[in-house]
């Protein structure tokens with residue numbers, strides 16, 4: 001039996017992890033009563049007695065929880081932004097490479113990718129790794145997400161009967177180009193500079209579509225859209241949670257994989273202007289599903305265990 005402690009179980013990510021583990025008979029989940037969930041002494045005890053600790057906390061609190069861990073056998077999976085660019089932590093996106101998967105399996109510290117960053121790195125990391133784009137390519141990306149990505153406060157705002165009429169429209173944010181996922185996007189993909197990134201929140205609960213356009217004449221050599229699609233199909237061919245599809249004419253819904261823990265990449269456009277899109281659930285492969293996938297890998301289990309696919 002694996003003893004799991006979810007530090008921050010009351011938040012959206014923590015609750016989703018708890019739900020995914022609820023039907024398992026190989027896991028015992030420890031939780032703290034409301035009056036003790038911010039008590040460092042109680043948290044320290046739970047952390048050091050667990051086999052696996054999920055951190056579903058703001059960055060400062062996540063760093064504090066790591067400092068409370070004195071048991072070298074405890075494995076920590078952090079869903080915050082705090083450790084995603086640290087070389088001492090495994091980056092929790094095993095599909096990126098065999099080295100990423102191996103580091104997760106062998107590490108005691110795993111950082112779960114950010115939701116927007118998950119879509120971006122799924123598209124850009126293979127391009128850089130394969131030499132299709134140079135590290136100084138001027139990447140642009142935009143991402144449409146459901147409002148659950150903003151946590152409890154934003155969920156309450158969108159679901160309030162007295163909500164602002166502005167919430168009826170998609171809303172772009174991160175306007176100063178300082179979004180917290182930008183350092184992660186740049187570091188993980190090995191880029192010379194961060195992308196121009198435009199996140200957009202819209203009036204639906206969950207689901208995400210991250211889009212990266214490519215200008216063919218700026219690639220390292222001429223690639224057709226079919227060649228790019230073939231490259232992605234081969235790159236991710238052996239993966240259980242990530243698949244590549246054709247982009248059909250019409251519409252691509254950002255909530256197409258809502259309620260699921262996998263990801264689908266679409267390649268479209270034409271030979272001059274190629275469109276790459278990554279579609280997934282911001283609460284699934286973009287957060288809680290990815291965290292549980294990493295736990296399964298740490299434990300040597302089928303990574304799909306208790307995930308919705």
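Please work out how much length the chain gains when fully extended from residue 173 to residue 106, using 0.36 nm per residue of separation minus the C-alpha to C-alpha distance, in nm with one decimal.
20.4 nm
Based on alpha-carbon centroids, what's the gap between segment 155-180 and segment 1-57 in Å, whole number please?
Each part reduced to its Cα centre gives a spacing of 30 Å.
To the nearest 10 degrees, how steeply does helix 40-49 sit against the main Cα axis of the chain, on a 0 to 90 scale?
Relative to the chain, helix 40-49 is tipped by roughly 80 degrees.
Among bridges DSSP assigns within the chain, what percent are antiparallel (round to 5)?
For the chain, the DSSP antiparallel bridge percentage is about 40.
For segment 70-105, list residues with backbone N below 14 Å from a point placed 7 Å from the Cα of residue 59 toward its Cβ?
Counting backbone N atoms under 14 Å from the label point, the list is 79-86.
Direction-averaged shadow area of the convex hull around the Cα atoms of segment 1-153, nm²?
10.7
Would you kindly calculate the translational diffusion coefficient of segment 115-282, applying Stokes-Einstein with the Kirkwood radius from alpha carbon pairs, for 25 °C and a viscosity of 0.890 mPa s, and quote it in µm² s⁻¹ without decimals? If you can, show how the numbers build up before the last one.
Details: Rh = 16.6 Å.
Translational D for this selection: 148 µm²/s.
Taking R0 as 30 Å, what's the FRET efficiency between residue 224 and residue 98 from their Cβ-Cβ distance, rounded to 0.05?
Between residue 224 and residue 98 the formula returns 0.60.
What is the distance, in nm, between label points placed 7 Å from the Cα along the Cα-to-Cβ direction at residue 45 and at residue 129?
4.4
Would you mind telling me which residue in 149, 11, 207 has the biggest mean-square fluctuation in a Gaussian network model of the chain, where springs connect alpha carbons within a distance under 10 angstrom?
With Cα springs under 10 Å in the chain, the top fluctuation among 149, 11, 207 is at 11.
Step by step: find N for segment 197-300, compute 2.2 N^0.38 Å, then divide the Cα radius of gyration by it. What's the final number? Display every interim value, and only then the final one.
Values: Rg = 15.1 Å, N = 104, 2.2 N^0.38 = 12.8 Å.
Cα Rg divided by the expected 2.2 N^0.38 Å: 1.17.
Calculate for the chain the 222 nm mean residue ellipticity that helices alone would give, adding -39,500 (n - 2.57) per DSSP H run of length 4 or more and normalising by residue count, nearest 500 deg cm²/dmol.
Helix-only estimate at 222 nm: -9000 deg cm²/dmol.
Taking the simple approach of a point 7 Å from Cα along Cα-to-Cβ for both residue 19 and residue 35, what is their distance in nm?
3.0
List 181, 116 from most exposed to least, where exposure is judged by having the fewest other Cβ atoms within 10 Å.
Details: 181 23, 116 27.
Going from sparsest to densest Cβ surroundings: 181, 116.
If you take the Cα Rg of segment 104-177 and divide it by 2.2 N^0.38 Å, with N the number of residues, what do you get?
1.54
For the chain, what does the relative contact order come out to in percent, with C-alpha contacts under 8 Å and a separation of six or more?
19
Report, largest value first, the span of the C-alpha coordinates of the chain along each principal axis, in whole Å.
59, 49, 34
None of the figures in this text is laboratory data; all of them are computed from the coordinates on show. It should be emphasised that the depicted structure is a prediction, and the values quoted were computed from it without experimental measurement. Cβ sites come from the backbone with ideal geometry, for glycine too, and all protein chains shown count toward neighbours.
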